[in-house]
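Remarks on the structure that follows.
The values are calculated or read from the model by the stated rules, or taken from the named source; none is laboratory data. A quick note: this is a predicted structure, and the numbers were derived from the prediction, not measured. With ideal geometry, Cβ positions are generated from the backbone for all residues, glycine too; neighbour counts draw on all protein chains shown.
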Amino acid sequence: MQKKVHRNWLQIAGYALAILAAAYIAYSVWYYLSTAEKVEEFEVCYVDKCIKTFHAHADITIDLCGKKMSLPLEHGPLEGPHTHKERNLMHFHERLPYEPTTGKLLEDRPLRLETFMKEFKIPFNETCIANYCNGNACPDGKEGVVRMMVNQDQTFAYQKYVWKDGDEIIITFS
């Protein structure tokens with residue numbers, strides 16, 4: 001009888017210890033998520049200039065005559081626009097000169113879509129994407145046209161578009 005009581009007590013202590021460990025882990029995760037800094041960009045000003053840091057991501061879909069183009073993973077310099085392990089997700093995390101009184105970047109070239117496309121060796125402008133130019137035929141015989149949408153709105157900025165964190169960019173030739 002005494003061994004059974006002893007075993008029950010050890011079992012209860014084991015369960016209690018497991019519950020305490022699970023509670024501690026849950027609290028730790030909650031605490032980390034609630035106190036983690038969520039700032040993706042910030043400004044730093046020196047005597048002679050200000051810079052703004054970025055950590056931006058944008059989805060890009062390139063559809064050529066109904067076929068989606070897949071960009072290479074882990075491609076591009078870390079100090080410029082690049083990809084990581086997520087398919088067709090542009091990344092940028094770097095510092096750029098910034099004018100705090102106007103809120104404008106003094107150098108937006110690294111965030112222009114043309115910079116990203118050049119890194120991936122994809123010709124792109126208002127009339128061509130990859131090897132397709134306005135007036136060329138798709139395999140189905142229909143003439144295609146380059147179009148660009150950003151966040152579900154058509155844009156005519158094409159290669160000059162300065163992408164922002166959270167953008168959903170769709171470039172089509174059809």
Report task. Would you confirm whether any residue within the stretch 40-48 is more than 29 Å from LYS121 (Cβ to Cβ) and at pLDDT below 80? Result -> yes
Report summary line: Of the listed residues (THR83, THR102), the one being β-branched (Val, Ile, Thr), over 14 Å from GLN159 (Cα atoms) and modelled with pLDDT under 90 is THR102
Requested in this report: Identify all residues within the stretch 98-112 that are surrounded by 13 or more Cβ atoms within 10 Å (Cβ to Cβ) and closer than 15 Å to GLU79 by Cα; write none if there are none.
Outcome: ASP108, PRO110, LEU111, ARG112
Report task. Name the one entry in GLU74, GLU86 that is in a loop (DSSP other than H, G, I, E, B), charged (D, E, K, R) and touching a His at 6+ places or on another chain (Cβ under 7 Å). Result -> GLU74
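To keep it simple, each residue is scored yes or no on (1) aliphatic (A, V, I, L, M); (2) loosely packed, with under 12 Cβ neighbours inside 10 Å.
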| site | (1), (2) |
| --- | --- |
| PHE54 | no, no |
| ALA58 | yes, no |
| LYS68 | no, yes |
| GLY80 | no, no |
| LYS85 | no, yes |
**Report entry** The one condition in (1) touching a residue at least 12 places away in the same chain (Cβ under 8 Å); (2) surrounded by 12 or more Cβ atoms within 10 Å (Cβ to Cβ); (3) not aromatic (Phe, Trp, Tyr) that CYS45 fails to fulfil
**Finding:** (2)
Requested in this report: Can you give me the ranges of the strands (runs of 3 or more DSSP E) entirely in the stretch 89-174 with at least 1 residues that are in contact (Cβ under 8 Å) with a residue 60 or more places away in the chain, under 19 Å from LYS68 (Cβ atoms) and over 21 Å from the mean Cα position of the chain (by Cα)?
Outcome: 168-173
Query raised in the report: Does VAL162 count as surrounded by fewer than 18 Cβ atoms within 10 Å (Cβ to Cβ) and touching a Ser or Thr at 6+ places or on another chain (Cβ under 8 Å)?
Result: no
